[in-house]
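The values are calculated or read from the model by the stated rules, or taken from the named source; none is laboratory data. Treat the numbers as computed from the prediction; the structure is a model and nothing was measured. Because the Cβ atoms are built from the backbone with ideal geometry, glycine has one as well, and the counts that use them run over all protein chains shown.
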Amino acid sequence: MILCTGRSIDTYKMPNKPIELGYKFHCLANRGYIVDLLPTSSKFGLDPIPGIPELSDTGSAVYHLTSTLQQLDRQRAWNLYVDNFYTSFPLFKKLREIGIGAVGTARTSSKDFPQSLKILKEVWSRLGYRSKGGVVKDGIGFLLWMDNKPVTMMTSIHTLRNRALEVYTNRRAPRRSNPQAATQHSQNSPVQVKEIRAVIIDYNYNKGGVDIADQYRYYYDTHLTTYRIWFPMFFWALETSLINSYLIYKDTGGDREAVSHKGFCLRTAWEYISSNKRSMVGVAESSSSCSPNGNQSNLQPRQHVNAELPAKRRELAAHLPVTLETCRDCYLCRWWKKTGLAADSMGSDLPKSWWKCNYCDVPLCQLRERNCFLDFHSI
């Protein structure tokens with residue numbers, strides 16, 4: 001979900017989600033790296049994609065996204081991990097036909113879920129802790145595993161009949177207030193060795209690729225308050241590009257151990273500013289305009305000399321605006337006045353500012369018509 005509270009016919013309203021209102025994208029991700037996406041609209045539905053007769057619209061979207069993996073590398077075995085919103089027996093069967101495995105939590109209310117694995121809440125207390133059962137149907141395994149509550153899984157990767165797929169792992173003992181804890185404190189230790197199915201271990205380890213991307217995004221959010229409903233999607237695309245670049249840099253960069261996510265974002269921002277800044281040294285600004293009598297009056301070019309400004313403004317550091325205790329004259333506006341290069345609209349009085357650069361320690365104004373904070377670090 002992409003947060004957008006503006007008036008749009010394409011936004012979804014989901015009160016039980018962290019983002020209650022916004023745009024909805026179906027994403028294919030691997031540990032935070034967004035591989036592909038498919039937008040959807042609350043009015044028009046999914047973007048036009050080839051429909052699959054056996055699958056629903058949601059299943060067709062998953063099939064369309066995962067089929068692109070075969071185009072990337074046909075020699076590699078791909079496995080898909082999804083939650084119960086996407087899990088369905090026809091989808092897993094269709095993915096298995098093209099060589100893609102799938103694992104996911106399953107809803108017992110789905111049409112193809114085995115009736116023998118559907119249990120009522122009244123029966124939970126009769127089942128033993130970590131008890132399990134399974135059914136195989138057309139090569140797709142259905143698993144019921146008792147944790148604090150019943151966990152139902154669907155897999156086309158693991159087998160349910162092989163005892164060797166039991167994994168022994170250290171798990172924290174449940175709290176004594178847990179109804180199932182009475183039989184679990186035979187070992188007097190907060191950490192106990194438990195026998196768990198491999199499908200549970202693999203799902204817990206590999207799930208959440210989109211959630212990791214959302215976590216990266218919320219750490220350093222670039223979303224600003226805007227009055228255009230397309231801006232949230234632009235900011236989301238910008239953040240996704242940064243996250244993907246950071247994850248690639250971690251795998252391929254030379255100093256990936258020393259650069260954090262925050263440091264990578266700051267470095268990228270400053271390198272982008274440096275590569276696109278307008279050099280004001282020796283640049284002549286000339287223009288010609290027609291006078292009332294029809295003659296052209298050429299304005300003389302003016303040279304911007306920035307040698308008197310402090311050199312530390314160009315250093316690669318965290319130049320961030322912070323508030324001042326008292327209002328002070330803008331440093332750059334005073335410099336424009338001193339050099340005679342101030343605009344006529346500035347007037348005779350120097351603009352006041354409540355902001356300063358925390359690294360350069362100079363007051364700089366940030367107005368709608370003039371942003372001295374940005375100009376100071378660019379010239």
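Remarks
- Here residue 55 passes the criteria (1) free of Cβ contacts under 8 Å to residues at least 24 places away in the same chain; (2) more than 22 Å from residue 213 (Cβ to Cβ) except the one numbered (1).
Matching residues to (1) at pLDDT 85 or above; (2) assigned to a loop (DSSP other than H, G, I, E, B); (3) at negative phi:
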site: 103; (1), (2), (3): yes, no, yes
site: 111; (1), (2), (3): no, yes, yes
site: 122; (1), (2), (3): no, no, yes
site: 135; (1), (2), (3): yes, no, yes
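- Members of segment 184-221 found to be hydroxyl-bearing (Ser, Thr, Tyr) and modelled with pLDDT of 85 or more, listed by number: 203, 205, 216, 218, 219, 220
Yes or no, residue by residue, for (1) modelled with pLDDT of 85 or more; (2) among the hydroxyl-bearing types (Ser, Thr, Tyr); (3) more than 30 Å from residue 81 (Cα to Cα):
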residue: 234; (1), (2), (3): yes, no, no
residue: 285; (1), (2), (3): no, no, yes
residue: 289; (1), (2), (3): no, yes, yes
residue: 300; (1), (2), (3): no, no, yes
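- All of 72, 143, 80 fail the test of being closer than 19 Å to residue 210 by Cβ and surrounded by 16 or more Cβ atoms within 10 Å (Cβ to Cβ), apart from 80.
- Qualifying residue in segment 23-38 (condition: more than 20 Å from residue 237 (Cα to Cα) and of a type outside the set (Ser, Thr, Tyr)): no
- For the residues 320, 367, 341, 374, the requirement of being under 26 Å from residue 275 (Cα atoms), modelled with pLDDT under 80 and surrounded by fewer than 18 Cβ atoms within 10 Å (Cβ to Cβ) singles out 341.
- Beta carbons closer than 7 Å, at least 6 apart along the sequence or on distinct chains, pair a first residue in segment 350-379 that is among the polar types (S, T, N, Q) with a second that is buried (at least 21 other Cβ atoms within 10 Å of the Cβ) and assigned to a loop (DSSP other than H, G, I, E, B) for 353/330; 353/364; 353/365.
- Single match in 23, 63, 33 (criterion: touching a Leu at 6+ places or on another chain (Cβ under 8 Å), surrounded by 18 or more Cβ atoms within 10 Å (Cβ to Cβ) and more than 19 Å from residue 98 (Cβ to Cβ)): 33
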